[in-house]
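Notes to accompany the following structure.
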Amino acid sequence: MDKGFQLLPEQATRLAVEVDLLYYFLVGLSLFFSLLIFFLIYVFAVRYRRRSEDEAPMQIPGLLKLELAWTVIPFILVVIVFWWGASLYFKAYSAPPKDAMEIYVVGKQWMWYVQHPSGQREINQLHVPVGQAVKLTMATEDVIHSFYIPAFRIKKDVVPGRYTHLWFEATKTGVYHLFCAEYCGTKHSEMIGSVVVMEPAEFEKWLSGSESGETLASAGEKKFNQLGCGTCHARVPGARGPALVGLFGSSVKLADGRTVVADEAYLRESILNPGAKLVAGYNPLMPTFQGQINEAGLLQIMAYLKTLK
Ligand code: CUA
């Protein structure tokens, strides 16, 4: 990670290269106009200096062409900067590719807790394969944190009460800094870690090497049973709670007539605040599970629900 003096962090994604290109363009543009202004101040000061005591300056009426030029040229430049910046932003924070590998991240004062679908857990470290899109689903147990990997040029806040997502595709193996980029208390500056980008084969070896014997989904199933969810969400007709098989990603008709997609946010809300979006045809019997399950556990249940097809 320590490579001596560097103007910018390493470029470990394709996005990083594009972000830097825009950055250099902005610096170049500013430098060009700064130097042009310095130069013109100097030239005008010399050229139009007062040459004698009784010299009166010549009155100059407006010059339309000049006015137009210094209005239109900056306008075009600003539009280019806006268009370039906006399209890069949308690209960086667009939806991840369909085949992206999912990893779950929970921020907590003051560490990053990472869960892989195959069951591996790590703290302040994130192992990923090179050349593979990775989608992060992130939550926080307490305050706002911000997940920041400078070498990838991506950063996203992790906000209480909701999931945020981030995706990237590393193009270079190596070890990169991971920071919390949102002041989150006394030890904010210690909420750091590393991202380890490995060759796919090596990554597979790492995955199987630190096997805990329990996948995220099976950990979720255990929680599901501990909390007794299956009592009402039974797999029989006429059960007290709606069926959960095939629920993830499907459309749900609500009692108030709305239709919502059963995504992670919906499922999370329905576990913690079951009355918020009552499913059509069911009574508001479900108790809240607020305080009985933490964000890491919710993500495990989420992984389990996704397997019910
Ligand atoms: Cu977490 Cu700063």
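The values are calculated or read from the model by the stated rules, or taken from the named source; none is laboratory data. Note that the structure is a prediction, hence the values are computed from the model and not measured. All Cβ positions, glycine included, derive from the backbone under ideal geometry; neighbour counts span all protein chains shown. Note: accessible area is taken over every heavy atom of the protein model, side chains too, but ligands, DNA and RNA are not part of it. Shrake-Rupley method; radii C 1.70, N 1.55, O 1.52, S 1.80 Å.
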Using a 1.4 Å probe over the heavy atoms of the protein chains, calculate the carbon and sulfur portion of the accessible area of the chain as a whole percent. 63
Write down the radius of gyration of the range 12-80 and its Dmax, each obtained from C-alpha positions, in Å. 19.2, 66
Using alpha carbons only, how many angstrom separate the centre of the range 166-185 from the centre of the range 253-309? 30
For the chain, built as a Gaussian network whose Cα springs stay under 10 Å, the top-fluctuating residue of THR13, THR164, THR186: THR186
How about LYS253: which aspartates and glutamates have a C-alpha closer than 14 Å to its C-alpha, ignoring those fewer than 8 places off in the same chain? ASP263
List every residue whose amide H lies under 5 Å from the amide H of THR13, counting only residues 5 or more places away in sequence or on a different chain, with H placed 1.01 Å from N in the peptide plane. THR171
Given a Förster distance of 35 angstrom, what is the FRET efficiency for ILE293 paired with GLU204, based on the Cβ-Cβ distance and rounded to 0.05? 0.65
Chymotrypsin sites (Phe, Trp or Tyr not before Pro), restricted to the range 2-32: which are DSSP loop and have at most 13 other Cβ atoms within 10 Å? PHE5
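Could you order MET191, MET198 by accessible surface area, starting with the largest, using a probe radius of 1.4 Å?
From most accessible down to least: MET198, MET191.
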Calculate, axis by axis, the spread of Cα positions in the range 119-212 along the three principal axes, and write the results as whole Å, longest axis first. 38, 30, 24
Can you tell me the mean projection area, over all orientations, of the convex hull of the range 53-199's alpha carbons? Units nm², please. 16.5
Highest-fluctuation residue, GLN115, GLN59, GLN125 considered, GNM on the chain with Cα pairs under 10 Å: GLN59
Computed E for PHE33/LYS98 - FRET, C-beta separation, R0 35 angstrom, nearest 0.05: 0.20
What is the pair-distance distribution P(r) of the range 73-126, computed from all Cα-Cα distances in 5 Å bins starting at 0, with each bin given as a whole percent? 4, 15, 14, 13, 12, 12, 9, 8, 7, 5, 1, 0
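Just how large is the dipole of the chain about the Cα centre, in debye to the nearest 20, putting +1 at every Lys and Arg Cβ and -1 at every Asp and Glu Cβ?
Dipole size: approximately 640 debye.
Suppose only helical runs count, i.e. DSSP H with n ≥ 4. What mean residue ellipticity at 222 nm does that imply for the chain under -39500 (n - 2.57) per run, divided by all residues and rounded to the nearest 500 deg cm²/dmol?
Working: 7 runs with 110 residues, N = 309.
Per the formula, -12000 deg cm²/dmol.
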Where in the chain are the helices, taken as whole DSSP H runs, whose Cα atoms extend 18 angstrom or more along the long axis and whose Kyte-Doolittle mean reaches at least 0.5? 14-47, 64-92, 295-307
How long is the range 186-309 along each principal axis, judged by its Cα atoms, biggest number first, in Å? 50, 38, 27
Among PHE33, PHE203, PHE179, which one shows the highest mean-square fluctuation when the chain is modelled as a Gaussian network with alpha-carbon springs under 10 Å? PHE33
Spacing of the two label points (7 Å from each Cα toward its C-beta) at ASN273 and THR259, in nm: 2.5
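What is the projected area of the convex hull of the Cα atoms of the chain, averaged over all directions, in nm²? Spell out each step's value before the answer.
Working: hull surface 103.3 nm².
The number I arrive at for the chain is 25.8 nm².
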The chain: relative contact order as a whole-number percent, Cα under 8 Å and 6+ apart: 16
Net charge near MET101 (other residues with Cβ under 14 Å of its Cβ; Lys, Arg +1; Asp, Glu -1) is -1
